[in-house]
Structures are given as structure tokens and as C-alpha cells.
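The values are calculated or read from the model by the stated rules, or taken from the named source; none is laboratory data. This structure is a prediction, so every number in the text was calculated from the model and none was measured. Neighbour counts are summed over all protein chains in view; Cβ atoms, including those assigned to glycine, are modelled from backbone coordinates with ideal geometry. With ligands, DNA and RNA removed, areas are computed over all heavy atoms of the protein, side chains included. Shrake-Rupley method; radii C 1.70, N 1.55, O 1.52, S 1.80 Å.
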Amino acid sequence: MNIRERYNIQETLHYFSLNPQKTSVTQSWWFLAGITAGVIALLLFFNYLGEEMRWVIGIFLVYFLIHFLYDIQIASKIQFTFDARNNVVYKTSPLISKKKIMNLDEAIIFVQSERESWYYALGARKSQFIKNYRISEGFTSGRKSDERQEAYENLILTKIRALLENANSNINN
């Protein structure tokens, strides 16, 4: 799958949109396989477990199932739109139709780390570390991750940065 399909990229001269969490759908299906294995294990060992342990395992399985459904139905469909004509960055999700999150000229892209991986985040210039939005998949060390990172930087990040620079130059002029 090429990077355009991985991020569901749509673009014109003054418009660029992507779904940064769409790449996690494959991992979510593996997560569902783990939930299914947990249910099977619970049923196989049902008589050997105490009532409290069955409740604890059941609650965890329900929580993981809700998390899976959220990832598939909501998080993977969150879309960020960089609109240069209106100087706005929009966030669209199944729960919120279209919400302005910041002006394009105040947006900044930076690297955010999380556990053993890192990703690109989008934030407003003055409050980037307080409120930010993940706009890439997580990258780690390794050849495959380096290839995905390079493709992301070459195809997506360069276009977003060009829109941001264009918005900043229009404000300064």
C-alpha cells in the first residue's frame, strides 16, 4: 500500500487533507484477534477461575473491545485539512463534523516522543506542548520504519510545510 492510500491523502493547490490514524487500522485488527483469543481462553478455563477473576478478565475484554471499536469507527476516520485559502486547519471526525482547530499561519509541526517511538504533531505556535494533534503514524528505529518516515517526509510533510510557509509569508506581506 502506498503512502497516499495509507493516509487517505486528498490535495489541490490550496488544500491538503490526511487521515493520520488510518495507518493503525491493521494493528487494531490484530488487537481484535487478541481479544478473540482472550475470550476463547476465558471460556476454556472458565471452571478453573474464581468468580472475581472471571469478572476482572471480562471487564478487561469489554474495555479492549470498546477500544477496538473506537479505533476502527472513530479514530481512523479523523481527518486534518489544511486550507490555505481560508488560512485554517480543520479537524473532521465522525463525532464532530468540521471544527476549526487553529489558523494556518500559527500552526507549527514538531516531533513528539512517546515510549519507544516518535511521531509528528501539529500545534499552535504559542501552545504547542499544551494542546497538539498527532499527524503521523509512530516511527521507531529500523529499516521499515525509516522507509515509512522518509516517504512521509517526502510526500506529506513537505506539502504541509509549504502550505504553512505560504500562509506565514502572506501574513508577513
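Structure above, values below:
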quantity: Contour excess over end-to-end distance, with Cα ends at Met53 and Ile66 and 0.36 nm allotted per residue; calculated: 2.7 nm
quantity: Helix-derived mean residue ellipticity, 222 nm - over the chain, DSSP H n ≥ 4, -39500 (n - 2.57), to 500; calculated: -13500 deg cm²/dmol
quantity: Alpha-carbon centroids, segment 86-147 and segment 22-40: separation in whole Å; calculated: 25
quantity: Answer label for Cα extents along the principal axes in Å (calculated), chosen among [x] 51, 39, 34; [y] 74, 35, 27; [z] 42, 33, 33; calculated: [y]
quantity: Cβ charges +1 (Lys, Arg) and -1 (Asp, Glu), total dipole of the chain, debye; calculated: 460
quantity: Computed E for Thr12/Ser141 - FRET, C-beta separation, R0 45 angstrom, nearest 0.05; calculated: 0.80
quantity: Tilt relative to the chain, helix 25-44 - C-alpha long axis, 0 to 90 degrees, to 10; calculated: 10
quantity: Selection from Leu18, Asn86, Leu49, by position along the positive dipole direction of the chain (Cβ); calculated: Asn86
quantity: Accessible area in square angstrom per residue, the chain, 1.4 angstrom probe; calculated: 64
quantity: GNM flexibility winner over the chain from Asp71, Asp146, Asp105 (Cα, springs under 10 Å); calculated: Asp146
quantity: Within the accessible area of segment 79-173 (1.4 Å probe), percent carbon and sulfur; calculated: 45
